[in-house]
Every structure is written in C-alpha cells, then in structure tokens.
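The values are calculated or read from the model by the stated rules, or taken from the named source; none is laboratory data. Computed from a predicted structure; not experimentally measured. Note: ideal-geometry Cβ built from the backbone for every residue, glycine included; neighbour counts use all protein chains shown.
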Amino acid sequence: SVGLTFRFMTSAPVRVPVAARLATARRYLMCPPRFFTVEYSINPWMDPSRPVSTEGALAEWSALKETYELLGHKVETIEPQPGLPDMVFAANSGTVVDGLVLGARFRAPQRAAEADFYRTWFLDHGYRDVVMPEKTNEAEGDFTWTGDVLLAGTGFRTDPGAHAEAQEVLGVPVVSLRLVDPRYYHLDVALFVLTEAGPGTRAHIAYYPEAFSPGTQRLLRRLYPDAILATAEDAACLGLNAVSDGQNVVIPREATNLIAAVKAHGYTPHLVDITELRKSGGGPKCCTMELRG
Ligand code: ARG
C-alpha cells in the first residue's frame, strides 16, 4: 500500500491515501553508444573540448537497458553507425502510436543521416505504416504521448508545422507547447508522463514550468492541475528526462527533489547514472524510443 505519512506535533501520524499506481509492460528501441562522442555542439550541454568516455557511456546505457529488462520491459536494439555519435538518442528518430510510425527530420545536418537508419529498422521489423515527415521533426524529443493527446514541443528543434503533420499522420490530437530556454531545447528534457490518461482519468505528468512560455505555462496548469512541478535543480541535471511505466520511474540520480516528489506520489524511482550521456544533452528518455502497438 502506498501513502504519505504526515506528522503533526500534537497528534499521531495520519495516513493520507495516494492513488494506486499501475505498471504496464512496454517495448522500447535503444541504440548502443558504441560511437558516442561530443565532436560538434548543437545544444548548450555539448562542449567538444571536454573529454568524453565512450566506455562510460556504454556502461551507463547497458545499466539503463538492464533496468528496463529487470522491470519486465522488452528492449529492441538498432545497430549504431560510425560518424553518428548522437544515434544513441533513439527517442529523436520516431514517434510510434498504435503501430503507426512518424519518422524524423533533424534540424542539425550532423544528425540528418540517423533518420534513414531508423526508418530502415522499422521496415525490417514489420512496421507497414512508416511516414517520413516534411517538416523538421525530432520525434519523441519533442513529442510526448500522454494516452489521450500528443504534447508537442517547439521553439528550438521541431517545426510547429510538424505538429499539424503529426496530427494528420498519427490521427491523434496534438497540443503545441512553446519551449523558451535553450538548455531545455527538447520537450523531453522539460516534461515527462508519469501515468498515461485512461478512460475518464487525465494523465499525471511532471514538468519544469520555467522551460515554457507564459502562455504554455497557463495551458499546462489548465490541462494538468495536479502535475508535479520540478525545481530548477531537478531540470539542470536533466531530471525530467525520465521514463515511467506507470509505477516505476527511471530517473537521473541527481534529481533529488523530483525523486522525493515522485515517491511521495506513490511511484517507485529507479536511479540511473548519465554522467557521460549528459555531456551531449541526453538522459534516459533520450536513449529510449517507445514502441506503442
Ligand atoms: N546531442 C543531442 C542533440 O542535441 C542530444 C539529443 C537528446 N535527445 C533528446 N531526446 N532530448 O540533438
């Protein structure tokens, strides 16, 4: 049973019930960072003059994959390619809802070639509906499925025109969100879903309000009044780049406030080390594309 214990000076501990959490089995696609480096800079986290350990990144990635497997999730992998150091960030190469695949079109020329390797992976693995976007689209970097709507970030990478394209290709309602802080250049470093919406229930999410424009902050408050609001410290260690199965939350270990908050809300945090991957501006969610349906 989960619950919060509040202690009052004058009374015995009181148990306040917290909604039951429920894990659902997931399928993920991941790419081992065998060619991982930071040799160009396309976000404020990337400093090519700072040393990076490919071995260390591989160890972090393997531990992440093992965490998912121990939680009962299925992990598929795609071969990494030399010269594509960011290919480890699988989330950027496809948005899959109900077995329909919307591929990627990267903003940075350095990453452009990744999209076609992932497209080929989908075709080789039985996906029949694979659509490549016309507009700049960094997939789950900027698209977050909540169970009833697709939240879609723009401001740095994904073109707002890609939001309309996603709605048309995937046949799901899209809600556009404006990102304003270059450190949080993708939606998945500013917001994640803890529990998907179900029949008659809204999604439970966590986000860092200051990463969004004032209008988007109002929109998020309206849609998700019970969201967990992350602190600046949680955001600054990429704590929002977390992955939840509805019960278990795989999260960067430095995000101490957020870890305590998700626990208080009845979830089970699983802490991961992303020391090397973070040098490229990525964390657990960036390394993880969810294959839905
Ligand atoms: N270096 C990569 C880039 O800037 C990091 C991508 C992280 N992926 C993500 N889903 N946020 O494109």
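Okay, here's what the table says:
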{"read-out": "Tabulated pairs, region 265-293, first under 23 Å from residue 148 (Cα atoms), second of a type in the set (Phe, Trp, Tyr) and near the ligand (Cβ under 9 Å from one of its atoms), C-beta under 6 angstrom, 6+ apart or interchain", "value": "286/89"}
{"read-out": "Count - residues of region 267-283 that are touching a strand residue (DSSP E or B) at 6+ places or on another chain (Cβ under 8 Å), buried (at least 19 other Cβ atoms within 10 Å of the Cβ) and among the hydroxyl-bearing types (Ser, Thr, Tyr)", "value": "1"}
{"read-out": "Options 96, 101; residue that is in contact with a Ser or Thr (Cβ under 9 Å, 6 or more places away or on another chain) and in a strand (DSSP E or B)", "value": "101"}
{"read-out": "Qualifying residue in region 115-138 (condition: in contact with a Ser or Thr (Cβ under 8 Å, 6 or more places away or on another chain), of a type in the set (Gly, Ala, Ser), over 23 Å from residue 205 (Cα atoms) and at pLDDT 95 or above)", "value": "yes"}
{"read-out": "Failed item, numbered, when residue 225 is tested on (1) assigned to a loop (DSSP other than H, G, I, E, B); (2) under 23 Å from residue 25 (Cβ atoms)", "value": "(2)"}
{"read-out": "Tabulated pairs, region 37-52, first of a type in the set (D, E, K, R), second in a loop (DSSP other than H, G, I, E, B), C-beta under 6 angstrom, 6+ apart or interchain", "value": "39/48"}
{"read-out": "Subset of region 122-144 [away from the ligand (no atom under 14 Å from the Cβ) and not in a loop (DSSP other than H, G, I, E, B)]", "value": "122, 123, 124, 130, 131"}
{"read-out": "Test set (1) assigned to a loop (DSSP other than H, G, I, E, B); (2) among the basic types (Lys, Arg); (3) more than 15 Å from the ligand (Cβ to nearest atom) - residue 107 fails condition number", "value": "(3)"}
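Residue by residue, here is whether (1) part of a loop (DSSP other than H, G, I, E, B); (2) within 16 Å of the ligand (Cβ to nearest atom) holds:
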| position | (1), (2) |
| --- | --- |
| 29 | no, yes |
| 45 | yes, yes |
| 49 | yes, yes |
| 72 | yes, no |
